[in-house]
Each structure stands twice: as structure tokens, then as C-alpha cells.
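So the structure is just underneath, and the comments pick up after that.
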Amino acid sequence: MPMSYTIQFINLLAAILLLIVFAMLSQRRILSLINLFAWQGLVLTVSTFVVAYSTGQSHLYYSAALTLLLKVLVLPWLLHRLIRKLNVRWDVETLINIPTTMLVGIALVIFAFNLAAPISQLAEGITRGLIGIALASVLLSLLMMLTRRKAISQVVGFLAMENGLFFAATSATHGMPLVVELGIALDVLVATFIFGIFFFQIRETFDSLDITHMEKLKDD
Amino acid sequence: MENINLTLGILFQLCQSLLVVLLAPLLTGWVNQCRAWLQNRSGPGLLQPFRTLRKLFHKDAVIAYNASPLFRITPYILFGCMWLAAAIIPIIAVDLPFSPAADVIALVGVFALARVFIALAAMDIGTAFGTLGARREMLVSFLAEPALLMVLFTASLISQSTQLPRIVEALAHHQFVLYPSLAFAGLAFVIVLLAENARIPVDNPGTHLELTMIHEAMILEYSARHLALIEWASSLKLLAYISLGIALFFPHGIAEVGQWGALPLAIAVLLVKLTLAGAGLALLETLLAKMRIFRAPEFLGTAFLLAVLGLLIHFLLGA
């Protein structure tokens, strides 16, 4: 079955999105993690733009512009600034067994694809297969938050999860109303600011951003 | 008509077989030359592998007194396997008379056969280095092989056939389609290519340092014509892998059997592709650093992951 080039292109972008999430899952350096997050935002912007162009939904152009501004420029810049101020720019995280995490990741992808299959049957529109990929990237970001110990990588995982949700929204339902999107964008921005403040608090209290310290309950 | 077709096919087959044997050392020379340029050295020139081969063929072979016949015949088996592989892969034309002999899975088997023999021969003499190299080679290849098979399965699923000519035709002669699954498979294939051909992140073909060498450790005991054949087989293997990559991912411009008119163009396109691939390989090797042997499983695990992802994406998106 020949598909139009638009759909092929969006499929390719979806595949790249999934690849980036896997790269984040296996990335040890915090700096590269943030760069990957910026790339993810860029892919998201392009895919939103293509969906807007192909379906003629003009409000999606705004959301593409919003994504570009927030997720490619502002948030990575904020995170870069944070790691510079916290002096963790070159930190390397010791991850537990990357191949195992990857295998769990593949299992999650299969699970997500199966889970999304009945939903995709219901969805109309050009991009049915993409719900599975969006769901997979949400689950993988969740896995990333579970396997990381540094607070910053957990926050990047959280933001990546939001990216996955956003991708599901644009590709499956041609986007949410603009008001909702603006609200979410603002939420994410504020959340990042608050996380930034938390980072400083955590470091001041525990002398480290490793959140395993927070599991010890001692009053001395 | 049948007879003419068969004769033409055999002519094309001979043409390709001769071409690959002569091109293979040239490709190795080109990769080395590019590496030299990238490292600000002037480099030995494109024809250096031929000079090395001539020198080696003129020397007298020295063989350990406890070597078994296996040790002597391995270079010939190795060369034969690699030549057969390079003859099966559609390099200048599809539908060669040899190509029904083996589909992609059998092709992986041919590579595996060569590997088993070189590993056995390396252990045959009983030196520490040979055994060490053979073990490391087996470690790397047992991780690379499933990834390679997954890559080939992805391509087979798209074209509904495991025969290489069918795969090439499905990709080359239909309208242009973007295949995300093939993009993943392509990335995985590059990693497998680096690992299987003893290239830099996994092995360094230019080193004789005991801690790092894999392929070189296995062939330390060989000399003269045996060594020449092994070196030539390695070049052929590199050429076979790169042509397999070209056939799977960029098959455009390949000729059909019997079309003499398309042949010069096909060879020109092939040369351009090989030049680009060789330069790309040299660039990759210069950019990457040799990794510890214990990091190799992780590296090849990534290849497997990418290939499996390609397969899954093919099932989900149907592309």
C-alpha cells in the first residue's frame, strides 16, 4: 500500500523520537542528556509542523512555534544554566547495567504497541500507528525516571515524558485546544523553575544531587 | 534463449567475481589512505595493499612444526568463503546465476563458517595469543550475529523474501518510500560492520598490542602466502559487508543481468558508493576511540536493540 510522503515523513519522525528516548535511556552524561532532550523537542516541533501543514489545522502552527520556543530553546537553556550553577556539568552517572535496561525497554515497547493496537483501530486520521510509539516513549521516559539516581536526569525524564504525551496528542487527535496547550506549556516551564529551586535545596541539605540520600530517615 | 541467458548470466558473474577480487585491496587501501589524511599523515597510497600482497606471495612460508593440516588449509577456506560471499551479493547486477545458491541467512552462515575455521586455526598452534584472539573473536561475533540477522529480517519483511535479489529489486525498482525501520536497521548494520571487520571501536586492525588485538592475535602465526590470503580475505570481507549494506539500503543504480548498456553506469555508481562508504568508514574510525573489550557487549547490544526496534516499527507502522 503506497502511503503519501507526509505520512512517511511523520512515521520517520516518530521512529527518530523513539530512538532519541532510547538514547536518553542509555546516556551517562548529564550534558548529553540535556542535548538529547533539545533534539527531541526539535523533532517534536517538525512533526507538529508537518501535521499542521498536512491537515490544515492552523492552531497547530502556534503549538509548533510554542514547542520550538519552549522545548528547544528555553528549557534546555534553563537546564544548561542549572547544571553550570550546580557545577555538575561533566558529571557522569553510574547506571546499573545498561543492556538490561535496554531489554526492559524493548519489552516495554512491545507492551506499548500491543496496548495501543485496539486504540489505534478506533482512531481516525492519518497517523494511527503513532499512538503506540507515543505510548512507548512515555513508558520509556517513566523507566528512565525509575532507573536514574540523579535529580536532574529524573527531571529530564519527566520532561521527556511530557514530550511523549504531546506527540500522542498532536499525532492522534490533531492537537489539543490552544488554551490547554498554553496551560501545559506554562506548567512545564514553572515546574522546571521549581525543580531548579529544589535542586539547590537538595544539594544544600545533602551535599549531593543523588536522591538515594533522601531515603535515609535520620534525625541527627 | 535460455542458453543465451545462462551464458550472459555466467559472464556477468565472472565479471563481478573478478571485479570484487581486484577492488577489495583497493578499498582497503582507500580506507587506510583516508584515515591517514584525517590524521594529518600523507599515507602510503591506494596501491599499498597490492604491494603488501605481492611481497607476501614472494616469501617462503614458515609453519610451526606442530601445526595440523587444518592450519594450512584455513587461509584457502577463508579466502574461498569470502569470495563466495562477495559473488552471491548483488554488487553490479541482480539475478546472477550464483545468487539462488544462498539467501541472506545462508550468507550469514558462510561468514560464520569462515569465522569458525580461523578461530580453530588460531587455537591449533597452541600459543597463548592465538587462543586469546579466538576467544575474543567468538565473543564479539556471537553478539554481532543476532544483530546482523535482525537487520536482514527487517529487510526481508519489507520485501517479503530472504533472497537478496528480491530484496534489492523491491527497494531499487519501486517508487521511493521512506522506511523508518530500514533507517534503524541501517544504524545497526553500521555497528555490526565495524565489529565484524575488526574496525576501531571494537578492534584496531593496525595494532599488535597484546591487550587490545583481536583479529591480529589470531593470525600472528601465519606468514607469506597464507598471511597474504588472509589479508586478502579480510579486504574481501570488508567489501562484502559494505556491498551488502549498499544492496540493502542504497541499491539504486544496479544493473540487471543481460543489460550490457547499464553495466558501465552500474560500475560507476558502485565505485562512487564504495568511495563514499570507505571515506565514511575512515571518518567513523577517526572520530571513535577504541573501547575496552568489556564495553563491546554493550556496543553490540545497542546494535541488537536498534535492529529489534526496526523490526517492531515495521510491524507497527507497516513501513
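Taking each residue of A:105-118 in turn, how many C-beta atoms of other protein chains fall within 10 Å of its C-beta, and what is the average?
Mean partner-chain Cβ count within 10 Å for A:105-118: 2.
Enumerate the whole-percent occupancy of each 10 Å bin, from 0 to the last occupied one, for all C-alpha pair distances of region A:114-208.
Computed distribution, short to long bins: 15, 36, 30, 14, 4, 0.
Ignore the peptide's own chain and count Cβ atoms of other chains within 10 Å of each Cβ in A:15-24; give me the average, rounded.
4
Which value does Rg/Rh take for region B:2-317 over its C-alpha atoms, Rh per Kirkwood?
Rounded to two decimals, Rg/Rh equals 0.96.
So, by mean Cβ neighbours within 10 angstrom, what's the order for A:41-49, B:191-199 with the highest one leading?
Top of the packing list down: B:191-199, A:41-49.
Run the simple label-point estimate for B:A128 and B:E298 please: 7 Å along Cα→C-beta, distance reported in nm.
So the two model labels end up 2.8 nm from each other.
How large is the helix-only mean residue ellipticity at 222 nm for chain A, computed as the sum of -39500 (n - 2.57) over DSSP H runs with n ≥ 4, divided by its residue count, in deg cm²/dmol to the nearest 500?
The helix-only estimate for chain A comes to -26000 deg cm²/dmol at 222 nm.
In the neighborhood of A:L70, defined by Cβ-to-Cβ distances under 13 Å, what is the net charge if each Lys or Arg adds +1 and each Asp or Glu adds -1?
Overall, the nearby charge balance is -2.
Just add up the charged neighbours of B:N204: K/R +1, D/E -1, any other residue whose Cβ is under 15 Å from the Cβ of B:N204.
Neighbourhood net charge equals 0.
Largest first and in whole Å, give the semi-axes of region A:5-215's equivalent ellipsoid, each being the square root of 5 times a Cα gyration tensor eigenvalue.
They are 30, 20, 13 Å, listed largest first.
Under the rule of -39500 (n - 2.57) per DSSP H run of 4 or more residues, summed and divided by the residues of chain B, what mean residue ellipticity at 222 nm is obtained, to the nearest 500 deg cm²/dmol?
Helix-only estimate at 222 nm: -24000 deg cm²/dmol.
Using +1 at the C-beta of Lys and Arg and -1 at the C-beta of Asp and Glu, which of B:A233, B:V94, B:V168 has the Cα lying farthest in the positive direction of the dipole of the protein assembly as shown?
B:A233
Whats the longest run of chain B with zero chymotrypsin sites (Phe, Trp or Tyr not before Pro) that are DSSP loop and have at most 13 other Cβ atoms within 10 Å?
B:66-175
Residues of region B:290-319 with backbone nitrogen within less than 20 Å of a virtual label 7 Å along the Cα-to-Cβ line of B:V177, please, listed as ranges.
Within reach of a label on B:V177: B:307-319.
Separation of region B:268-289 and region B:1-46 by C-alpha centroid, Å?
14 Å
Grab the eigenvalues of the alpha-carbon gyration tensor for region B:1-77, scale each by 5, take roots, and send me the semi-axes largest first in whole angstrom.
Calculated on Cα positions only, the semi-axes equal 32, 26, 10 Å.
List every DSSP H helix in chain A whose Cα atoms extend 18 Å or more along the helix's own long axis and whose mean Kyte-Doolittle hydropathy is at least 0.0.
TM-like helix candidates: A:5-26, A:30-55, A:98-122, A:130-147, A:151-173, A:178-206.
Cut-off 10 angstrom, C-alpha nodes, Gaussian network model of chain B. Which of B:H252, B:H58, B:H208 fluctuates the most?
Maximum fluctuation in the GNM of chain B, among the listed residues, is at B:H58.
Determine the gain in length on full extension of the stretch B:R41-B:N5; use 0.36 nm per residue of separation and subtract their C-alpha separation, reporting nm with one decimal.
Gain on extension, B:R41 to B:N5, equals 8.0 nm.
Determine, from the Cβ-Cβ distance of A:V179 and A:R29 and an R0 of 56 Å, the FRET efficiency 1/(1 + (r/R0)^6), rounded to the nearest 0.05.
0.90
Going down the list B:K55/B:K273; B:K237/B:K273; A:K85/A:K216; A:K85/B:K290; B:K237/B:K290, which pairs span over 28 Å between their C-alpha atoms?
Correct reply: B:K55/B:K273; A:K85/B:K290.
Which helices, taking whole DSSP H runs in chain B, have alpha carbons extending 15 angstrom or more along the helix axis plus mean Kyte-Doolittle at least 0.0?
Answer set is B:2-38, B:69-88, B:104-124, B:128-159, B:180-196, B:224-249, B:262-287, B:296-317.
How do A:77-83, A:156-162, A:144-150 rank on mean C-beta neighbours within 10 Å, highest first?
Those peptides, ordered most packed to least, come out A:156-162, A:144-150, A:77-83.
How would region B:101-181 be classified by its alpha-carbon gyration tensor: rounded, prolate or oblate, with rounded meaning a/c under 1.5 and the a/b versus b/c comparison settling the rest?
Because a/c hits 1.5 or more and a/b exceeds b/c, region B:101-181 counts as prolate.
By the gyration tensor of its Cα atoms, with a ≥ b ≥ c the square roots of the eigenvalues, what is the shape of the protein assembly as shown: rounded for a/c under 1.5, prolate for a/b over b/c, or oblate?
In terms of gyration-tensor shape, oblate.
Tell me the label-point distance for the pair A:F198, B:I105, using the 7 Å Cα-to-Cβ offset, in nm and rounded to one decimal.
5.1 nm
Each value in this text was obtained by applying a stated rule to the coordinates, not by laboratory testing. In this text the structure is predicted, and so the values were computed from the model without any measurement. A quick note on method: Cβ atoms are made from the backbone with ideal geometry, for glycine too, and the neighbour counts reach across all protein chains shown.
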